[in-house]
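Each remark here refers to the structure printed beneath this line.
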Amino acid sequence: MSVKLTKNELKKQNDSLRQFRRFLPTLILKKKQLQSVIRDYQVKRDKAVRDMEDLKSSMGDWIGVFGENPSFPVSIGEFVKVNGVKCITVNIAGVNVPDFDKVDFSISDYDLEVYPLWVDKGVEMIKRYLTLDALCSVYVKATALLEAELKTTTQRVNLFEKVKIPETLGNIRRIQVALQDQQTASVVKGKIAKSKLARKNIGAEAGACI
């Protein structure tokens with residue numbers, strides 16, 4: 001992009017450079033914060049997944065027993081229904097992301113004379129499993145939003161570091177060189193004009209003496 005080689009343009013370029021250098025540290029800090037939070041969410045999500053796998057493994061035996069008993073008219077999984085997942089919104093580095101609050105369950109009544117006592121524990125374990133599943137979904141959604149913001153922030157950091165600041169510094173150097181050349185040319189012209197005037201004055205004085 002061409003720039004005017006003037007003092008006004010030099011001031012404009014210097015102002016732009018100060019602005020870029022003022023905003024860049026904020027963008028870099030935001031980038032680091034986003035990266036840190038994303039890592040935290042990924043760690044929490046991985047832990048929730050492991051907890052789900054452990055819980056599923058521990059439920060395996062009694063789910064098998066439950067499923068093999070024809071006297072149970074309703075599957076234990078039908079006792080627990082998810083009505084919805086409640087979240088609150090939190091702001092992280094300028095991004096609104098969901099933060100898990102709770103799962104709203106409805107529990108069907110079941111006859112304790114028909115079902116064994118451990119069904120109560122089974123219901124709680126299913127609720128725990130479904131809660132972990134909802135938690136993972138919230139972590140995935142929040143991470144996606146943060147990663148999108150991280151991509152945009154990284155692009156801005158690169159734009160400032162690799163394009164705008166070097167470009168502006170180059171423009172400033174070009175204008176400074178041009179202004180210096182103009183000043184040098186002006187000084188030279190002044191000296192030439194002064195020299196011509198001096199020679200003219202000397203010639204006039206010499207003519208007056210004849």
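Would you confirm whether or not the stretch 143-151 contains a residue that is over 30 Å from ARG50 (Cα atoms), among the acidic types (Asp, Glu) and either out of contact with any Phe, Trp or Tyr (no Cβ under 9 Å at 6 or more places or on another chain) or modelled with pLDDT under 90 (or both)? No, every residue in the stretch 143-151 fails to be over 30 Å from ARG50 (Cα atoms), among the acidic types (Asp, Glu) and either out of contact with any Phe, Trp or Tyr (no Cβ under 9 Å at 6 or more places or on another chain) or modelled with pLDDT under 90 (or both).
Of the residues making up the stretch 30-44, just one is more than 16 Å from ASN158 (Cα to Cα), of a type in the set (Lys, Arg) and surrounded by fewer than 16 Cβ atoms within 10 Å (Cβ to Cβ), namely ARG39.
Let's see how each residue does on (1) modelled with pLDDT under 90; (2) of a type outside the set (Val, Ile, Thr):
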site: LEU10; (1), (2): no, yes
site: ARG18; (1), (2): no, yes
site: ARG45; (1), (2): no, yes
site: LYS56; (1), (2): yes, yes
site: TRP62; (1), (2): yes, yes
site: LYS86; (1), (2): no, yes
site: VAL95; (1), (2): no, no
site: PHE100; (1), (2): no, yes
site: SER108; (1), (2): yes, yes
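So, LYS81, is that one outside any helix (DSSP H, G or I), modelled with pLDDT under 95 and of a type in the set (Lys, Arg) or not? Considered against the rule, which asks whether it is outside any helix (DSSP H, G or I), modelled with pLDDT under 95 and of a type in the set (Lys, Arg), LYS81 comes out as yes. Would you call GLU124 modelled with pLDDT of 65 or more, out of contact with any Phe, Trp or Tyr (no Cβ under 8 Å at 6 or more places or on another chain) and of a type outside the set (Val, Ile, Thr)? The answer is yes for GLU124.
Is there a residue being in a helix (DSSP H, G or I), under 15 Å from LYS4 (Cα atoms) and either in contact with a Cys (Cβ under 9 Å, 6 or more places away or on another chain) or modelled with pLDDT of 65 or more (or both) anywhere in the stretch 182-196? Yes; the residues of the stretch 182-196 include at least one that is in a helix (DSSP H, G or I), under 15 Å from LYS4 (Cα atoms) and either in contact with a Cys (Cβ under 9 Å, 6 or more places away or on another chain) or modelled with pLDDT of 65 or more (or both). The set of residues in the stretch 6-27 being under 16 Å from ARG174 (Cβ atoms) and of a type in the set (Val, Ile, Thr) consists of THR6 alone. Among the residues of the stretch 15-29, the one identified as surrounded by 13 or more Cβ atoms within 10 Å (Cβ to Cβ) and of a type in the set (Val, Ile, Thr) is ILE28.
The values are calculated or read from the model by the stated rules, or taken from the named source; none is laboratory data. Model, not experiment: these values are computed from the prediction. FYI the Cβ positions are ideal-geometry reconstructions off the backbone, even for glycines, and counts take in every protein chain you see.
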